[in-house]
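Following: one structure in structure tokens, then a few remarks.
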């Protein structure tokens, strides 16, 4: 668990740092609860809790609540630019 959290701690800041390759308006995180280290990690990087399902996920022999967090890539209420088409091809 500690190694997975450490890997996530390295990945989240890189994901949240936007660049020209980002397509979309937000990142979403789904966290099995309780999991305070993961919640703190995501919130430290700008994720905001947006919802929760009760007893929705089965993990490690039991049912757990599942929380949803979102991190906007638009920087607030910027709705001035509509979505742009993305070309998908072989890379």
Among 30-37, 53-60, 66-73, how do they line up from the highest to the lowest mean number of other beta-carbon atoms within 10 Å?
66-73, 30-37, 53-60
Fewest-first ordering of 44, 49 by Cβ atoms within 10 Å yields 44, 49
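Please order 42, 64 by the number of other Cβ within 10 Å, starting at the fewest.
Ascending number of Cβ neighbours within 10 Å: 64, 42.
No lab work stands behind these numbers, since they all come straight from the coordinates. Fair warning: this is a prediction, and the values are worked out from it, not measured in the lab. For neighbour counting, all protein chains shown are included, and Cβ atoms are generated from backbone atoms with ideal geometry for every residue, glycine included.
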